[in-house]
Amino acid sequence: MAAPPTAASLSSQSPNLSHLSQEALEELKASVFQRLHPKVYLEKYLDENVRPDGRGASDWRNVEVNVGSISTADGSALVRMGNTTVVCGVKAEIAEPELDREGDGFLVPNLDLPAMCSPRFKPGPPSEEAQVLSNRLNETLVASNFLPVSTLCIQKSKAAWVIYLDATCINYDGNAFDATLLAMVAALRNTTLPQATYNEDLNKTFCLRKAPRVSLQLAASVPLSMSFGIFDSRVVLADPTSFEEPLLESTITVILGDKNKVVTITQVGSAFVIDDGEVGDENDSNSSEGFNKRADSLPVCIQAARLRREELLVVLNKV
């Protein structure tokens, strides 16, 4: 295992650093070691039952939600999850329904991960990660039926609302999916539309600008996402940061709806973790090669997600 350089060695090797205080040299030493040996750096923290940002393995970051910050949008929300910040705006327009779904409107979610939010993203067309996350967000909103698209129909086969959910990550520090889904849910709850009527004689849709705007007909079940990562097949980390994400062997995302019912679970990699405290049977198929007991972390993640969802609902219902 690589050993971090000492403050004295850094100062002696680089005369330009001689003006720095001992504390500043220690911070520089830690920063260099983190960049050169990120996995060892994280292991050293977890050996002390703490993460680099001061949280325990099962601790979540603080969440803040603000709505209505974009005056030109039909609805908007800004979510801060730790240092990850996502803003979501809702714009609505009227279009003709599809022929095979003439009684339904459209819900179009999209997430943008611009270069300004993190050095890991480059300028240019949407990254593969942004496209994958956008598809997952769309699948989640469809599976949860949070906004039934049938409620967006103005006149069957003639006119329907198209709801564009455009989210942008303005600061990326990991777990963008959870933050974006929360921002989209909050933005939809904040959205109001003008009253629209279809005139069959003129074959046109008219919006009543002076009439009170109406809220969307949302389902009672609010889909919220909680993500976990498994490090070194031993530790389950809740709400991973951008530093932790590349070091994870597996990820688990639990999406819960009303009464904490599971909407979907997305798992990439194995959910089993090694329990060093127990020794398995040599003939046990769940034991690893060294006979360490392997436990399924999924039930633990689901239970932790249910507790976290209640916390998020409290924050969401305050806005």
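The values are calculated or read from the model by the stated rules, or taken from the named source; none is laboratory data. Computed from a predicted model, the values in this text were never measured in an experiment. When we count neighbours, we look across all protein chains shown, and the Cβ atoms used for this are built from the backbone with ideal geometry, even at glycine. Note: areas computed on protein heavy atoms with side chains; ligands, DNA, RNA excluded. Shrake-Rupley method; radii C 1.70, N 1.55, O 1.52, S 1.80 Å.
Restricting the stretch 71-99 to residues that are open to solvent by less than 30 Å² (accessible area, probe 1.4 Å) and among the hydroxyl-bearing types (Ser, Thr, Tyr) leaves a set whose member that is farthest from Phe206 (Cα to Cα) is Thr84. The set of residues in the stretch 166-176 being closer than 19 Å to Thr140 by Cα, part of a strand (DSSP E or B) and not aliphatic (A, V, I, L, M) consists of Asp166, Thr168, Cys169.
Checked against the criterion of being over 22 Å from Asp112 (Cβ atoms) and either of a type outside the set (Phe, Trp, Tyr) or in contact with a helix residue (DSSP H, G or I) (Cβ under 7 Å, 6 or more places away or on another chain) (or both), the candidates Asn175, Asn190, Asn203 yield just one match: Asn203. When you check Glu102 against the structure, is it open to solvent by 10 Å² or more (accessible area, probe 1.4 Å) and within 30 Å of Gly54 (Cβ to Cβ), yes or no? Taking the combined requirement at face value, the residue does not satisfy it. If the condition is being surrounded by fewer than 21 Cβ atoms within 10 Å (Cβ to Cβ), of a type outside the set (A, V, I, L, M) and in contact (Cβ under 8 Å) with a residue 60 or more places away in the chain, then the stretch 211-242 contributes Gln217, Ser221, Asp232, Thr241, Ser242.
Of note, Ser157 satisfies the criterion of being open to solvent by 30 Å² or more (accessible area, probe 1.4 Å) and either out of contact with any Ser or Thr (no Cβ under 9 Å at 6 or more places or on another chain) or not aliphatic (A, V, I, L, M) (or both). If you take the residues in the stretch 170-184 that are under 11 Å from Asn110 (Cα atoms) and of a type in the set (A, V, I, L, M, F, W, C), which one is nearest to the chain's Cα centre (by Cα)? Among them, the one singled out is Leu181.
Tell me the residue from Arg136, Arg101, Arg120, Arg80 that is under 30 Å from Lys259 (Cβ atoms), of a type in the set (Lys, Arg) and modelled with pLDDT under 95, please. Going through Arg136, Arg101, Arg120, Arg80 in turn, just one is under 30 Å from Lys259 (Cβ atoms), of a type in the set (Lys, Arg) and modelled with pLDDT under 95: Arg101.
Would the stretch 177-196 turn up any residue that is touching a Lys or Arg at 6+ places or on another chain (Cβ under 7 Å), open to solvent by less than 50 Å² (accessible area, probe 1.4 Å) and in a strand (DSSP E or B)? Within the stretch 177-196, one or more residues are touching a Lys or Arg at 6+ places or on another chain (Cβ under 7 Å), open to solvent by less than 50 Å² (accessible area, probe 1.4 Å) and in a strand (DSSP E or B). What about Leu307, is it at pLDDT 95 or above and closer than 21 Å to Asn145 by Cα? So Leu307 does not fit the description; no. Within the stretch 108-148, track down each residue that is among the small types (Gly, Ala, Ser), surrounded by 16 or more Cβ atoms within 10 Å (Cβ to Cβ) and part of a helix (DSSP H, G or I). Those that are among the small types (Gly, Ala, Ser), surrounded by 16 or more Cβ atoms within 10 Å (Cβ to Cβ) and part of a helix (DSSP H, G or I): Ala130, Ser134, Ser144.
Taking the criterion of being at pLDDT below 70 and either within 26 Å of Arg308 (Cβ to Cβ) or open to solvent by 50 Å² or more (accessible area, probe 1.4 Å) (or both), the residues of the stretch 261-295 that qualify are Asp276, Gly277, Glu278, Val279, Asp281, Glu282, Asn283, Ser285, Asn286, Glu289, Gly290, Phe291. Among the residues making up the stretch 38-54, a single one is free of Cβ contacts under 8 Å to residues at least 24 places away in the same chain and either open to solvent by less than 30 Å² (accessible area, probe 1.4 Å) or part of a strand (DSSP E or B) (or both): Tyr41.
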